[in-house]
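Take a look at the structure below.
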Ligand code: ING
């Protein structure tokens with residue numbers, strides 16, 4: 001019996017360092033309305049949606065860095081977003097830089113239900129890149145410098161008519177991310193990302209960035225029998241190119257909707273949540289088929305080590 005879930009992805013084009021929160025929120029409001037007009041009930045916004053991807057820039061002065069963070073959520077800048085979503089009866093995922101009362105910095109996403117209530121929070125666990133300044137690189141990847149590792153793990157919430165989990169960008173490269181949420185019976189995982197096209201470490205063909213992005217989302221969706229919705233912030237942000245490829249992936253592993261621009265673009269799909277049932281029942285029936293007693297290395301080891309004797 002089909003169980004429909006109207007999912008929308010609000011892909012964003014670039015947000016430049018000089019763009020204000022007000023300008024960004026105005027763009028997001030447009031896309032919320034567009035999503036509603038297409039019958040969506042939940043909208044995914046990108047990672048760090050309110051500002052430029054500032055980890056691309058070396059900053060010594062902490063007060064300059066802190067300008068990219070939100071000290072409360074919601075706050076006057078984003079309140080229009082909460083109000084409009086509630087008005088439209090839309091739930092949404094919002095990625096932003098969180099500065100807590102205790103002065104901790106996280107790359108965070110929140111889950112807002114259709115009544116405008118924050119029902120979930122996720123703090124990015126897998127922080128890619130480096131903490132030191134690489135002056136010769138075309139841009140920096142300073143998430144390890146500006147953020148703490150998330151302290152709340154990967155959770156799943158029963159809200160907006162499904163069981164939905166969250167992650168952020170680099171998390172999509174780690175199978176553990178989706179398996180931990182699959183083991184909490186997630187039917188949908190949503191995420192935002194900001195991913196540069198250029199590899200600063202070696203001359204990688206740019207097409208592989210998109211290929212790996214799709215490969216990973218398709219694999220993790222299928223092997224956990226869940227729907228995945230991924231929202232890019234993309235295009236040339238102050239000269240640094242990030243690719244688009246926002247998409248919705250079914251539990252079959254097929255991409256059912258995909259953005260075709262690198263600007264503000266809404267894609268939608270009327271997901272049938274029951275599509276995962278057969279895979280959970282016959283192929284990925286964790287309870288019947290998994291053998292954790294043989295997986296212990298995954299938790300006991302951080303880096304690769306010697307073969308087990
Ligand atoms: N960005 C990139 C990502 O994981 C990256 C960084 C790109 C790491 C390609 C490894 C390979 O998509 C963020 N923000 O995590």
Restricting to segment 205-241, count the residues that are surrounded by fewer than 19 Cβ atoms within 10 Å (Cβ to Cβ), over 20 Å from residue 56 (Cβ atoms) and in contact (Cβ under 8 Å) with a residue 60 or more places away in the chain.
1
Selection from segment 157-171 of residues that are assigned to a strand (DSSP E or B) and more than 16 Å from the ligand (Cβ to nearest atom):
157, 158, 159, 162, 163, 164, 165
Within segment 172-196, residues surrounded by 18 or more Cβ atoms within 10 Å (Cβ to Cβ) and not in a helix (DSSP H, G or I) come out as 186, 187, 188, 189, 190, 191, 192, 193, 194, 195, 196
Taking residue 148 as the residue in question, decide whether it is within 11 Å of the ligand (Cβ to nearest atom) and either free of Cβ contacts under 8 Å to residues at least 24 places away in the same chain or assigned to a loop (DSSP other than H, G, I, E, B) (or both).
no
Being away from the ligand (no atom under 15 Å from the Cβ) and closer than 16 Å to residue 171 by Cβ is the filter here; which residues of segment 99-124 pass it?
110, 111, 120, 121
Is it the case that residue 42 is within 16 Å of the ligand (Cβ to nearest atom) and either farther than 30 Å from residue 6 by Cβ or crowded, with 18+ Cβ neighbours inside 10 Å (or both)?
no
Those residues that are assigned to a strand (DSSP E or B) and either in contact with a helix residue (DSSP H, G or I) (Cβ under 6 Å, 6 or more places away or on another chain) or without any contact (Cβ under 8 Å) to a residue 24 or more places away in the chain (or both), I need them from segment 23-43; list them, please.
43
Considering only residues that are touching a strand residue (DSSP E or B) at 6+ places or on another chain (Cβ under 8 Å) and under 30 Å from residue 291 (Cβ atoms), look in segment 183-196 and name the one that is nearest to the ligand (Cβ to nearest atom).
191
Report, by residue number, each residue of segment 197-224 that is within 11 Å of the ligand (Cβ to nearest atom), in a loop (DSSP other than H, G, I, E, B) and in contact with a helix residue (DSSP H, G or I) (Cβ under 9 Å, 6 or more places away or on another chain).
197, 198, 199
What is the one condition in (1) under 25 Å from residue 274 (Cβ atoms); (2) more than 17 Å from the chain's Cα centre (by Cα); (3) within 16 Å of the ligand (Cβ to nearest atom) that residue 175 does not satisfy?
(2)
Only listed residue being within 16 Å of the ligand (Cβ to nearest atom) and either over 13 Å from residue 48 (Cβ atoms) or at pLDDT below 95 (or both), chosen from 137, 85:
137
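The values are calculated or read from the model by the stated rules, or taken from the named source; none is laboratory data. If you're wondering where the values come from, they're calculated on a predicted model, not measured in any experiment. Note: ideal-geometry Cβ built from the backbone for every residue, glycine included; neighbour counts use all protein chains shown.
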